[in-house]
1. With θ set to phi - 60°, apply the Karplus curve 6.51 cos²θ - 1.76 cosθ + 1.60 along the stretch 63-70 and write out the HN-Hα couplings as whole Hz, x wherever there is a Gly or Pro.
2. Which whole-Hz ³J(HN,Hα) couplings does the stretch 44-51 yield from phi under the Karplus relation 6.51 cos²θ - 1.76 cosθ + 1.60, θ = phi - 60°, glycine and proline marked x?
3. Could you run the Karplus curve 6.51 cos²θ - 1.76 cosθ + 1.60 with θ = phi - 60° over the stretch 150-165 and give me ³J(HN,Hα) per residue in whole Hz, x for Gly and Pro?
4. Given H placed on each backbone N at 1.01 Å, which residues far from Leu134 in sequence or on other chains put an amide H within less than 5 Å of it?
5. Taking 0.36 nm per intervening residue step and subtracting the Cα-Cα distance, what contour gain separates Ser79 from Met48 on full extension?
6. Using amide H atoms built 1.01 Å from N in the peptide plane, name the residues 5+ places from Lys63, or on other chains, whose amide H lies under 5 Å from its own.
7. Under the rule a/c < 1.5 gives rounded, and otherwise a/b versus b/c splits prolate from oblate, where does the stretch 126-172 land using the Cα gyration tensor?
8. Of the listed pairs Lys69/Lys96; Lys69/Lys132; Lys97/Lys132; Lys69/Lys138, which have alpha-carbon separations greater than 25 Å here?
Amino acid sequence: MNSRGMFLVVAMAVAGVLLSTFSASAAPFRIGHHRSVMGAVTIVAHKMGYYNQTIGKGKYTIKQFAQGKLMRQAILSNSLDVGGAADRAFYSAISKKANAPGIGNANYWCKANKILTSPKSPVKTLHDLKGKRLGVGKATGTYFTLTTFILPEYGLSVKDFTTVNMLNPGRWI
C-alpha cells in the first residue's frame, strides 16, 4: 500500500472514531428509578434540580421501573446508563458472568448481612462453624455472598455446616 492509501485508511479510522464519539456524547444520559420508595431518592434529586446542575438541563432522561431486575436487564441490554437493583438481582447477574459493575450498595431497604453468635458461643471465627448449624435465608443475597465469595475465601463450603433456612416460604403466598 502506498503512503496515500495508508493516509486514507488512517484518516477514515480517525473520522470514524470521532464521529462515534460525538454522536455518543449527544445521546442523553439515561437514569432508571424504582417506582417504590427505593426510587424516591432519584425523583427528589430530579425535582430539586440536581441532575440539571450536574448533567445539564435536557441532557438526561429518567425512566420508572416496577422491579430492580427489569432495571438490571435494561442496563445489560444497553437501554439504560444507570439504575438500581436489589442485591439479589445484582448477584444473579454477576453469578452468570454478566458485565454489570456495581458501584455502590445501599442496603438500607434489605436485611443486614451479619453472622451473629452469643458471647458464650464457641463460634468465634468462620472456621468454628464446621459441624454447626447456621440459620440463614437460603434465597437471599446474604446466603449467595456467604456461599459464593466468603466461604471459598476461607477454604470452607456449605458441606462444612448445616444450613437452617430462616425464610418463611408462606410469606410469598
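Computed from the coordinates by the stated procedures, all read-outs in this text should not be read as laboratory data. Bear in mind the structure is a predicted one, so any value in this text is a computation, not a measurement.
1. 10, 8, 10, 6, 9, x, 5, 6
2. 4, 4, 5, 5, 7, x, 4, 5
3. 3J(HN,Hα) across the stretch 150-165, in whole Hz: 6, 4, x, 4, 9, x, 10, 9, 5, 6, 7, 8, 9, 8, 9, 6.
4. HN-HN under 5 Å from Leu134: Thr162, Thr163, Val164.
5. On the way: separation 31, 0.36 × 31 = 11.16 nm, distance 2.52 nm.
The span from Ser79 to Met48 would gain 8.6 nm if fully extended.
6. Ile31, Gly32, His33
7. oblate
8. Lys69/Lys132; Lys97/Lys132
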